[in-house]
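Q: Pasting a structure here, questions to come.
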Amino acid sequence: MTLKYKCLILDHDDTGVKSTPDIHYPSFVEALIDLRPNDKPITLEDFVRYCFNPGFSSLCKDIMKFTEEEQKHQQVVWKRYTESIVPDFYELFVETIQEFKQQGGIVTVVSHSERNRIERDYSIHCGFVPNAIFGWELPEHQRKPHPYPIKEILRRFNLQETEALMLDDLKPGLDMARNSNVDFAAAGWSHSIPEIKEQMKRESKYYLETTEQFNRLILCE
């Protein structure tokens, strides 16, 4: 078996694990009820749309216009959910990255989840911790969609841009990969919103409908 890429740069939420419907969306709704009880509730589809574009940080700062104190409260509610719920990985995802790693591949994660949650999820479900993790705990200018995480991964593991593949379900990951000149694959298995699917199909090097397609892309017989 040969590897098409030496390094995977993986998103976590709704790419590796099934987390938005059970963790991120309900925690955001609960925080909104606390902070803006008179506002119309946000739907799951609209939450996903905002996370797609302009991204979660902009949803909080620019659309909801959270104050610093409101942002802290939203984070407290979110952390309570992430601490109490361990999300499941998508079928075949674990087996795919385990085989990739066994064949000598480098597995990294760039996510808006926190590092300790990512380490927990991988330890429980995959039996290993990624070679590098860039999560929400970093300062904003070092988080996705800023190119810092990919640039640092390439530097740390002495990789060429052509040797890494970014896998993500949302536009911030696509933008980060594009600004770093690495190939991008869209994880289409978590989305049913037509405009998101169409834009990702249009702008991604690879659009993967299933985890089986991801498996076949990175693991070549």
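Q: How large is ³J(HN,Hα) for each residue in region 7-14, as worked out from phi by the Karplus curve 6.51 cos²θ - 1.76 cosθ + 1.60 (θ = phi - 60°), to whole Hz, x for Gly and Pro?
A: Result, ordered by residue: 9, 9, 10, 9, 5, 10, 6, 6 Hz.
Q: Hey, if you put +1 on the Cβ of every Lys and Arg and -1 on every Asp and Glu Cβ in region 161-221, which of Ile196, Thr211, Asn181 ends up farthest toward the positive end of that dipole?
A: Ile196
Q: Mind checking the per residue accessible area of region 120-221 for me, 1.4 Å probe, whole number of Å²?
A: Accessible surface, normalised per residue, equals 46 Å².
Q: Here is a further query. Just from its helices, what would the mean residue ellipticity at 222 nm be for the chain, if runs of 4 or more DSSP H residues each count -39500 (n - 2.57) and the sum is divided by every residue, rounded to the nearest 500 deg cm²/dmol? Don't jump to the answer; show the numbers that get you there.
A: Working: 9 runs with 95 residues, N = 221.
Estimated from H runs of four or more residues: -13000 deg cm²/dmol.
Q: Largest first, please: the extent of the C-alpha atoms of region 10-56 along each principal axis, to the nearest Å.
A: Computed over region 10-56, the largest-to-smallest principal extents equal 37, 20, 14 Å.
Q: To continue, here is another question. About its Cα centre, what dipole magnitude does the chain give when the only charges are +1 on Lys and Arg Cβ and -1 on Asp and Glu Cβ, stated in debye to the nearest 20? Display every interim value, and only then the final one.
A: Values: 27 positive and 36 negative charges, 111 e Å.
So the magnitude is around 540 debye.
Q: Which lysines have a Cα less than 30 Å from the Cα of Lys6, not counting those fewer than 8 places away in the same chain?
A: Excluding near neighbours in sequence, the set is Lys18, Lys101, Lys144, Lys151, Lys171, Lys197, Lys201, Lys205.
Q: Given H placed on each backbone N at 1.01 Å, which residues far from Trp136 in sequence or on other chains put an amide H within less than 5 Å of it?
A: Distant-sequence amide H within range of Trp136: Ser113, Glu114, Arg115.
Q: Now for a different question. 5 Å is the cut-off here: which amide hydrogens, built 1.01 Å from N in the peptide plane, fall below it relative to Asn53, excluding neighbours closer than 5 in sequence?
A: Distant-sequence amide H within range of Asn53: zero hits.
Q: Also, I was wondering about something else. How big is the charge dipole of region 153-221 about its Cα centre, in debye rounded to the nearest 20, if each Lys and Arg gets +1 on its Cβ and each Asp and Glu gets -1 on its Cβ?
A: 180
Q: May I ask you to evaluate 6.51 cos²θ - 1.76 cosθ + 1.60, the Karplus curve with θ = phi - 60°, for each residue of region 119-127 and list the ³J(HN,Hα) values in order in whole Hz, giving x for glycine and proline?
A: Going residue by residue, I get 4, 4, 4, 5, 4, 5, 9, 10, x Hz, with x marking Gly and Pro.
Q: If you fit an axis through the alpha-carbon atoms of helix 194-203 and take the longest principal axis of the Cα set of the chain, what angle between them do you get, 0 to 90°, nearest 10?
A: 40
Q: Which of rounded, prolate, oblate describes region 124-164, given a ≥ b ≥ c as roots of the alpha-carbon gyration tensor eigenvalues and a/c under 1.5 marking rounded, otherwise prolate only if a/b is larger than b/c?
A: Oblate shape, in that a/c is at least 1.5 and b/c is the bigger or equal ratio.
Q: Also, quick follow-up: Summarise the accessible area of region 1-70 (1.4 Å probe, protein heavy atoms) by the percent that is carbon and sulfur.
A: It is 51 percent, rounded to a whole number.
Q: So for the chain, taking the charge dipole from beta-carbon charges (+1 Lys/Arg, -1 Asp/Glu), which of His73, Ser58, Ser19 sits furthest toward the positive end?
A: Ser58
Q: Further, regarding this structure: May I ask you to list the chymotrypsin sites (Phe, Trp or Tyr not before Pro) in region 95-145 that are in a DSSP loop and have at most 14 other Cβ atoms within 10 Å of their Cβ? All intermediate terms of the calculation are to be shown ahead of the outcome.
A: Values: sites: Phe100, Tyr122, Phe128, Phe134, Trp136; in loops: Phe128, Trp136.
Listed in order of number, the matching sites are Phe128.
Q: Under 1.5 on a/c is rounded, so check that first for region 96-221, then, if it is not, pick prolate when a/b is larger than b/c and oblate when it is not; a ≥ b ≥ c are the square roots of the alpha carbon gyration tensor eigenvalues.
A: In terms of gyration-tensor shape, rounded.
Q: Once a ≥ b ≥ c are taken as the square roots of the eigenvalues of the Cα gyration tensor of region 148-221, is the result rounded (a/c under 1.5), prolate (a/b larger than b/c) or oblate (a/b not larger than b/c)? Provide the component values of the computation, followed by the final result.
A: Working: a/c = 2.58, a/b = 1.42, b/c = 1.81.
Verdict is oblate for region 148-221.
Q: Of (i) 57, 35, 31; (ii) 107, 51, 31; (iii) 49, 46, 33, which is the value of Cα extents along the principal axes in Å derived from the coordinates here?
A: Calculated Cα extents along the principal axes in Å: the matching label is (i).
Q: Let me ask you something else. Using alpha carbons only, how many degrees (0 to 90, rounded to 10) separate the axis of helix 68-84 from the longest principal axis of the chain?
A: So the inclination is approximately 60 degrees.
The values are calculated or read from the model by the stated rules, or taken from the named source; none is laboratory data. It should be emphasised that the depicted structure is a prediction, and the values quoted were computed from it without experimental measurement. Counting neighbours? That spans all protein chains shown, and the Cβs are built from the backbone with ideal geometry, glycine included. Side chains are part of the model used for accessible areas, which takes the heavy atoms of the whole protein and leaves out ligands, DNA and RNA. Shrake-Rupley method; radii C 1.70, N 1.55, O 1.52, S 1.80 Å.
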